[in-house]
Amino acid sequence: MNSLPIIDIAPLYTADEAAWLRVAKQIDAACREWGFFYIKGHPISASRIAELKAAAEDFFALPAEEKLRIDITKSAHHRGYGAIATEQLDPSKPSDLKETFDMGFHMPAEHPDVLAGKPLRGPNWHPQVAGWEALLQQHYEDMHELSKTLLRAIALALGIDRDFFDQRFEQPISVFRMIHYPPRHTASSAEQQGAGAHTDYGCVTLLYQDNAGGLQVQNVRGEWIDAPPIDGTYVVNIGDMMARWSNDLYKSTPHRVVSPLGVDRYSMPFFAEPHPDTEISCLDGCHDAEHPPKYPAVSCSDYMLSRFAETYAYRREEANA
């Protein structure tokens, strides 16, 4: 109960059906018991990660006025830079000791969905840093493909069509995020954490974390255990949408970040979330007479906007305007 499973997903890049099934069974067990696991054998290279981390360090070291040129609170579709204490993931704690950069699926301003004012649709908002946009756009696309590979294995584990999620992840609202956690001594109070205890909103999250540590996951006994960095891996966790789809067979597990002492921490999660019009409702095979669906059907965009309003003060202000 004190260490997360590590799953080699290299067989998902072969045509070996038996190997696919073995990986799917491992993922299924991890999702039911933990809602968290590590993956290795993925195609994201160490050189790519190093390039992204260097870009993140350079960006977050810029003067505040430069970063605020792409202030997320001025974005209609939640893109750009989030200053320290912009988020409050745990409402019982002070706002989080972290700063962020968010990008999503790029839609030009003249796209019909953008012109129609559909939520969470629009162009990305990048800093004016040489090579930044091309690097992050390529990584977004690669992470989208990796998440779809994982979701095919999850579909197999859940006994639904393997392409179930592929169909629903065209033009997704998935988010790639860079996060900088300053050292703990910069906190406004002893109660301020890097990221307060929370569950993720979407389907699955794939997290790169550097060597600083600080990620903690809650086990079934309610104890906080460390999820330390492991070279060459991503930490994967189930989000609330997948919990709703699976009728809570798969756990959306609380987790938090305790800011490390004396060092800066950098992490880069990819939040895999479907097309905004996707209906999130209990899957066939995840309910029966004794276990009826726990949640009403909801669209992806409605669910995401409701969760954003809980986390971001500026989104609450917009909703109440």
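Every read-out reported here was derived from the displayed coordinates using simple, explicitly stated rules and does not represent laboratory data. Keep in mind it's a predicted model, so treat the numbers as computed, not measured. Methodologically, a virtual Cβ is constructed for each residue, glycine included, from the backbone with ideal geometry; neighbour enumeration extends over all protein chains shown.
Odds and ends about this structure:
- Gyration tensor (alpha-carbon) shape descriptor, the stretch 200-265, a/c threshold 1.5: prolate
- Formal net charge of residues neighbouring G222 (Cβ-Cβ distance under 14 Å; K, R +1; D, E -1): +2
- Longest stretch of the chain clear of exposed loop sites (GluC sites (Glu not before Pro), DSSP loop, at most 15 other Cβ atoms within 10 Å, sites excluded): 1-109.
- Student exercise, the chain dipole from Lys, Arg, Asp, Glu Cβ charges, in Debye to nearest 20: 460 debye
- The slack in the chain from K25 to E191, taken as 0.36 nm per residue of separation less the alpha-carbon distance, amounts to 55.8 nm.
- Shape call, the stretch 6-320: gyration tensor on alpha carbons, a/c limit 1.5: rounded
- Exceeding the 24 Å Cα-Cα cut-off - candidates K251/K294; K67/K98; K148/K251; K74/K251; K98/K118: K74/K251; K98/K118
- Positive-end residue of L156, A15, P229, charge dipole of the chain with Cβ unit charges: P229
- Loop trypsin sites (Lys or Arg not before Pro), the stretch 226-297, which have at most 11 other Cβ atoms in a 10 Å radius of their Cβ (DSSP): none
- Around A30: net Lys/Arg minus Asp/Glu count, Cβ-Cβ under 14 Å: +2
- A212 long-range amide H proximity, modeled H, under 5 Å: Y266
- Gain upon complete extension [A130, H106; 0.36 nm per residue less C-alpha separation]: 6.8 nm
- Cα centroid separation, the stretch 166-244 to the stretch 9-58 (Å): 15 Å
- Interchain or long-range residues, amide H under 5 Å from S299's placed H: I280
- GNM top mover of D161, D96, D264 - the chain, alpha-carbon springs below 10 Å: D161
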